[in-house]
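Notes to accompany the following structure.
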Amino acid sequence: MDEEYDAIVLGTGLKECILSGMLSVSGKKVLHVDRNKYYGGESASICPLEDLFTKFNAPNPDETYGRGRDWNVDLIPKFLMANGSLVKLLIHTGVTRYLEFKSVEGSYVYKGGKISKVPVDQKEALASDLMGMFEKRRFRNFLIYVQDFQDQDPRTWKDFDPNIANMQGLYDKFGLDRNTQDFTGHALALYRDDDYLNRPAIETINRIKLYSDSLARYGKSPYLYPMYGLGELPQGFARLSAIYGGTYMLDKAIDEIVFGEGGRVIGVRSGDEVAKCKQVFCDPSYVPDRVRKKGKVVRCICLMDHPIPNTKDALSTQIIIPQKQVNRNSDIYVSLVSHTHQVAAKGWFVAMVSTTVETENPEAEIKPGLDLLGPIRQKFVSVSDYYEPTDDGINSQLFISQSYDATSHFETTCQDVLDIFKRGTGEEFDFSKIKHELGDEEQ
Amino acid sequence: MATIRIPEQKVILCGEYGVGKSSLFRRFTNNTFVTATDRKSTLGLDHYEKTYHVCDRDVKLQLWDTGGMERVASITSSYYKFAEAAILVFSLDNSSSFNALSQHLLDIVTYAESAKIFLCGNKSDLVSDLPQVTDSEIETFCEQCHNLISGIYKTSCKTTSGLDDMFTDIAFQLVHSNRSRLELQSMEKHGFKISPSEDSQDEESCLC
């Protein structure tokens with residue numbers, strides 16, 4: 001450990017592993033350390049099942065749960081948008097070669113106590129039971145507008161400047177009612193709250209395009225999920241970093257981040273050893289005095305022996321409960337994966353219900369989500385604080401990532417990573433720097 | 001243009017740090033040998049594929065190296081996923097690398113359940129009159145693991161002795177054992193790899 005590095009990365013969560021990989025690929029000498037014995041930190045998938053029960057102080061699972069080794073349960077539920085930033089990062093870094101994916105089968109939205117398929121094209125809009133007949137036609141016109149919309153071609157804007165006018169204005173232009181606005185903003189554009197209504201419409205248009213482009217990639221839904229669980233993602237990026245010369249240390253306690261003149265980071269101490277470096281990248285858990293609490297996220301892992309009712313027995317699903325439907329300020333997300341993804345024993349399903357905490361009783365807040373699931377065999381509730389760094393790290397050269405939020409996909413995760421990379425290196429990540437060595441491609 | 005897809009077989013290298021896994025990998029990849037540990041020579045190189053022709057069939061061995069992760073940390077469990085074969089490497093001039101095999105074997109059995117396991121005693125060029133690891137010790141080890149070991153080889157990356165024989169035999173054994181499985185392998189059980197969007201656009205244009 002007593003060596004000098006360009007960068008030391010603390011924690012092997014997804015964000016840190018992506019950063020470590022990007023830094024190594026950029027030619028930096030990287031030391032990557034985790035205090036845990038395993039890779040992934042909060043983004044690990046727990047295996048075997050016994051470990052999950054132990055983690056939540058529950059008695060060991062009985063034999064109906066099958067082999068413990070067949071389970072890989074995520075602590076933070078998320079899906080990848082098929083055309084989203086994480087997929088782009090995976091492709092450009094070549095990490096996709098370590099992974100296999102399955103398309104998530106269904107994407108649903110909650111309305112008036114029932115769930116309906118999220119309509120995304122004109123045909124689905126007309127068949128949807130979410131809207132009345134006249135509203136369907138207005139929504140169809142809106143979808144056509146978004147589909148035809150071209151950033152660079154003002155003729156497709158139809159006398160509406162989406163860079164200036166806000167999203168509420170665009171909804172009003174098409175006469176969409178509150179309900180339609182609700183599922184458009186939350187189930188298609190995937191906003192967590194309603195702030196977007198007052199921001200330029202272009203943001204929302206691009207998000208709806210991301211949704212429909214993602215859907216076009218692999219069918220059934222815009223979401224992808226990796227075989228063996230999300231814990232495979234940090235591991236893939238860790239391997240990328242190692243392949244490009246990164247050094248890995250697990251089970252290593254970090255006692256101090258050492259600062260020099262002007263408050264700049266100069267190294268990291270573990271016991272008597274000090275590793276020198278120019279920069280440190282870490283998650284909030286390594287620097288409790290340099291982050292502030294921004295909020296709380298409640299997550300509930302549910303083990304079930306059946307799919308979610310009214311989803312056509314889908315083996316994987318996402319359901320979004322828009323805030324207004326249940327009188328809240330933030331959406332509730334429900335996700336389901338199963339044995340088909342090698343994350344549960346045969347015949348088993350893992351559902352996750354999560355949301356941003358708004359009251360003193362977080363468990364009650366997710367009840368509308370739990371009520372959709374049918375009988376639950378085992379439930380594990382956790383409430384975790386959500387941290388953000390107190391400064392941008394430019395002066396100290398200590399760059400801290402934000403905790404994982406309640407969103408159901410990885411867009412904010414990637415945004416944070418690319419932003420940290422830019423602050424740390426002063427440049428945007430150059431995807432072309434990754435050599436496609438022999439072995440990658442054929443010939 | 002339609003091409004016949006040759007099935008790829010992921011083969012992983014396992015064993016203690018310093019037994020010559022990267023040397024095996026380097027020989028397999030570009031047939032070179034270096035004496036000092038030189039990360040640069042495999043930097044950025046992830047895995048390498050070579051086609052073998054056995055029993056009138058082509059089979060592609062895709063050899064994976066650890067990336068040196070085992071030096072101070074442990075190897076990620078995802079390294080083992082989807083592996084069809086694992087080469088358990090020890091150094092013939094180093095008995096402790098042989099004694100550590102059971103731990104590596106356990107990792108393989110845990111994380112790569114369906115992988116066939118092959119035992120490789122490397123650095124055969126360094127073996128003097130008094131071998132550090134005797135044949136009978138190797139035999140005893142294989143008996144103790146209830147015949148989990150599908151093949152035993154002695155190699156030298158320095159002289160290349162035994163290398164071709166080992167990889168050809170592994171290819172042969174994989175073709176044999178996987179013949180039925182490969183043909184039955186359905187998309188149902190497996191996921192797909194994601195690839196740049198150009199591909200999917202191509203497919204779409206074909207459908208028109």
Filter segment A:323-348 for residues that are of a type in the set (D, E, K, R) and over 22 Å from residue A:194 (Cβ atoms) and give the result.
-> A:346
Regarding residue A:397, is this residue open to solvent by 10 Å² or more (accessible area, probe 1.4 Å) and modelled with pLDDT of 95 or more?
-> yes
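Residue-by-condition table, conditions (1) modelled with pLDDT under 90; (2) open to solvent by 70 Å² or more (accessible area, probe 1.4 Å); (3) of a type in the set (Asp, Glu); (4) not in a loop (DSSP other than H, G, I, E, B):
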site	(1), (2), (3), (4)
B:105	no, no, no, yes
B:117	no, no, no, yes
B:128	yes, yes, no, no
B:137	no, yes, yes, yes
B:152	no, yes, no, yes
B:164	no, yes, yes, yes
B:171	no, no, no, yes
B:203	yes, yes, yes, yes
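Could we say that residue B:96 is loosely packed, with under 15 Cβ neighbours inside 10 Å and more than 12 Å from every other protein chain (Cβ to nearest Cβ) here? Spell out how you get there, then give the answer.
Values: loosely packed, with under 15 Cβ neighbours inside 10 Å: yes; more than 12 Å from every other protein chain (Cβ to nearest Cβ): yes.
Criteria met by residue B:96.
Name the helices (runs of 4 or more DSSP H) wholly inside segment A:176-288 in which the number of residues that are within 14 Å of chain B (Cβ to nearest Cβ) is 1 or more.
In segment A:176-288, the matching helices (runs of 4 or more DSSP H) lie at A:201-218, A:232-243.
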Find all pairs meeting these conditions: Cβ atoms under 8 angstrom apart; at least six residues apart or on different chains; first residue within segment A:134-153 and at negative phi; second residue acidic (Asp, Glu) and open to solvent by less than 90 Å² (accessible area, probe 1.4 Å).
-> A:135/A:177; A:143/A:121
Can you find even one residue in segment A:70-87 that is surrounded by 22 or more Cβ atoms within 10 Å (Cβ to Cβ), assigned to a helix (DSSP H, G or I) and either β-branched (Val, Ile, Thr) or in contact (Cβ under 8 Å) with a residue 40 or more places away in the chain (or both)?
-> yes
Note on segment A:212-243: residues hydroxyl-bearing (Ser, Thr, Tyr) and either open to solvent by 20 Å² or more (accessible area, probe 1.4 Å) or farther than 30 Å from residue A:278 by Cβ (or both) are A:212, A:214, A:218, A:221, A:223, A:225, A:228
Could you please give the count of residues in segment B:44-65 that are at pLDDT 85 or above, within 30 Å of residue A:36 (Cβ to Cβ) and at the interface with another protein chain (Cβ under 8 Å from one of its Cβ atoms)?
-> 2
Is one or more of the residues making up segment A:102-120 within 14 Å of chain B (Cβ to nearest Cβ), touching a residue at least 40 places away in the same chain (Cβ under 8 Å) and not in a loop (DSSP other than H, G, I, E, B)?
-> yes
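Identify, please: which residue in segment B:68-85 is of a type in the set (Phe, Trp, Tyr) and either in a loop (DSSP other than H, G, I, E, B) or more than 10 Å from chain A (Cβ to nearest Cβ) (or both) and is, among those, farthest from the chain's Cα centre (by Cα)?
In this case the residue turns out to be B:82.
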Given the structure, is residue A:59 within 27 Å of residue A:374 (Cα to Cα) and either surrounded by fewer than 22 Cβ atoms within 10 Å (Cβ to Cβ) or in contact with a His (Cβ under 6 Å, 6 or more places away or on another chain) (or both)?
-> yes
Go through B:106, B:88 for me and flag whichever is within 14 Å of chain A (Cβ to nearest Cβ) and of a type in the set (A, V, I, L, M, F, W, C).
-> B:106
All positions within segment A:154-193 that are of a type in the set (A, V, I, L, M) and free of Cβ contacts under 8 Å to residues at least 40 places away in the same chain | A:164, A:165, A:167, A:170, A:189
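The values are calculated or read from the model by the stated rules, or taken from the named source; none is laboratory data. Because the structure is a prediction, the values reported are computed rather than measured. A quick note on method: Cβ atoms are made from the backbone with ideal geometry, for glycine too, and the neighbour counts reach across all protein chains shown. Just the protein is used for accessible areas: all its heavy atoms, side chains included, with ligands, DNA and RNA removed. Shrake-Rupley method; radii C 1.70, N 1.55, O 1.52, S 1.80 Å.
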